[in-house]
Amino acid sequence: MKPSPISPTVDFEAEGVQHGFLRLPHSRDDAAWGSIMIPVTVIRNGEGPTALLTGANHGDEYEGPIALFELARSLRPEEIAGRVIILPSMNHPAFLAGTRTSPIDRGNLNRSFPGRPDGTITEKIADYFQRTLLPMADVVLDFHSGGRTLDFLPFCAAHVLPAKEQEARAFDLVRAFGAPWSVKMLEIDAAGMYDTAAEEMGKVFVTTELGGGGTASARTIRIAARGCRNLLIAAGILQGKPEPQETTWLDMPDGDCFTFAEEAGLIAFLADLGDEVVAGEPIARIYPTGRTGVDPVVLHVRRSGILTARHFPGLVKPGDCVAVVAVKVEG
Ligand code: ZN
């Protein structure tokens, strides 16, 4: 396969702290020989495991970038054993635009793996993670939140995997992260995901959903920052005392966890995040927006559990994910 067009301005093998960029050539109207400059920090102190920490895989999710810009400027080599690679804005063009997908090619980075060195801008970024960054990593933490269109209970998550030892190590780190909620996560669309790429390489992969609505709260920022440090300590990289937190475990056993809209309209939720819901109960009403005097369509949940995610904007379209219900389990 062709070499990546991305050139790093940092040396991933060097000791100490380096702040630099992944430079990706992007010829365009306002810069004939221009580049996309994706910020990266590498901190290394001798031998030890490597953690790869990423935010803004989707550009409108903010807890990860906030926690990681802060970590990148504050973490000292003498505090660690091994290496921490930090990319607060993995899909940098999407992050700058404040959108889920890239404004350049509309690429959803988290559906673009394994990527291509000669593909779109987003595919080139994916390819660099696939062939250069992921192989260096032992532990991978990829921060997500709901973005503009979803809102989540703040949780840390890993996937149920065929390789049980790899799965157990991931759930150990989820427990160490210490978000208020911890989830055994089911994906509705796992093809092309960074998660899957990392897991297929045998990496210990942990993700989050820490809120949403296209912003970050003081509470969810604290959860992200504390969780990241706790995870680095549990991975044997960062010295210091973890701050263990109470967490409630949730499972997503199958597709019945998801409720989708079948028509457009104005959505009125009948339960809030964290509420207990019962299978068959109404979860929301969707009012037609064109005229008065019309009954709303009532949406029902298909399983009992905790309302874990919901559509964020007040208007929905057919096919939008309206609600996600997860089931409380023992940790
Ligand atoms: Zn996301």
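The values are calculated or read from the model by the stated rules, or taken from the named source; none is laboratory data. Everything numeric in this text was worked out from a predicted model, so none of it was measured. With ideal geometry, Cβ positions are generated from the backbone for all residues, glycine too; neighbour counts draw on all protein chains shown. Just the protein is used for accessible areas: all its heavy atoms, side chains included, with ligands, DNA and RNA removed. Shrake-Rupley method; radii C 1.70, N 1.55, O 1.52, S 1.80 Å.
Classified by the C-alpha gyration tensor, the stretch 36-101 has a prolate form. Its axis ratio a/c, with a ≥ b ≥ c, is 1.5 or above, and a/b is larger than b/c. For the chain, the antiparallel share of DSSP beta bridges with both residues in that region comes to about 70%. Each residue of the stretch 218-230 is assigned a 3J(HN,Hα), and the resulting list reads 4, 5, 6, 5, 5, 4, 5, 5, 5, x, 4, 5, 4 Hz, derived from the Karplus form 6.51 cos²θ - 1.76 cosθ + 1.60 (θ = phi - 60°), x at Gly and Pro.
Could you tell me which of the pairs Lys164/Lys203; Lys164/Lys328; Lys124/Lys203; Lys203/Lys328 are separated by over 24 angstrom between their Cα atoms in the structure shown? Lys203/Lys328, as the Cα separations exceed 24 Å there. Placing +1 on the Cβ of every Lys and Arg and -1 on the Cβ of every Asp and Glu, with no other charges, gives the stretch 7-251 a dipole of roughly 340 debye about its Cα centre.
Restricted to Cα atoms, the stretch 255-328 shows a radius of gyration and a Dmax of 11.8, 41 angstrom.
This model, with +1 at the C-beta of Lys and Arg and -1 at the C-beta of Asp and Glu, gives the stretch 20-70 a dipole about its Cα centre of some 280 debye. How far apart, in nm, are two points set 7 Å out from the Cα along the Cα-to-Cβ line at Lys317 and at His26? A separation of 2.4 nm, rounded to one decimal place. Dividing the mean sequence gap of close Cα pairs (under 8 Å, 6+ apart) by how many residues the stretch 7-251 holds gives a relative contact order of 20 percent. Remark: the stretch 57-66, residue by residue, has Karplus-estimated 3J(HN,Hα) of 4, 9, x, 10, 10, 10, 4, x, x, 5 Hz, where x stands for each Gly or Pro and the curve is 6.51 cos²θ - 1.76 cosθ + 1.60 at θ = phi - 60°. Taking every DSSP helix (H) stretch of at least 4 residues in the chain, weighting each as -39,500 (n - 2.57) and dividing the sum by the residue count yields a mean residue ellipticity at 222 nm of -6000 deg cm²/dmol. In terms of overall dimensions, the chain has a Cα radius of gyration and Dmax of 20.3, 70 angstrom.
Share of carbon and sulfur in the accessible area of the stretch 255-328 stands at 52%, probe radius 1.4 Å. Based on the inverse mean of 1/r over its pairs of different Cα atoms, what is the Kirkwood hydrodynamic radius of the stretch 71-212, in Å? Taking every pair of different Cα atoms in the stretch 71-212, averaging 1/r and inverting gives 16.0 Å. Take the Kirkwood radius over Cα pairs of the stretch 180-238, plug it into Stokes-Einstein at 10 °C and 1.306 mPa s, and you get 117 µm²/s for translational diffusion.
With the highest mean first, a sort of the peptides 292-302, 89-99, 51-61, 36-46 on other beta-carbon atoms found within 10 angstrom per residue produces 51-61, 89-99, 36-46, 292-302. The value of relative contact order for the stretch 255-328, using C-alpha pairs under 8 Å at least six residues apart, is 41 percent. Rolling a 1.4 Å probe across the protein heavy atoms gives the stretch 255-328 an accessible surface of 51 Å² per residue.
Segment Glu330..Arg106, full-extension length gain: 76.6 nm, with 0.36 nm per residue of separation and the alpha-carbon distance subtracted.
Once you order the gyration tensor axes a ≥ b ≥ c over the Cα atoms, which shape class does the stretch 9-75 get: rounded for a/c under 1.5, otherwise prolate or oblate by comparing a/b with b/c? It comes out oblate by the Cα gyration axes. Applying the Karplus relation 6.51 cos²θ - 1.76 cosθ + 1.60 with θ = phi - 60° to the stretch 310-324 yields 3J(HN,Hα) values of 8, 4, 9, x, x, 10, 10, 10, x, x, 5, 6, 8, 8, 10 Hz, where x marks Gly and Pro.
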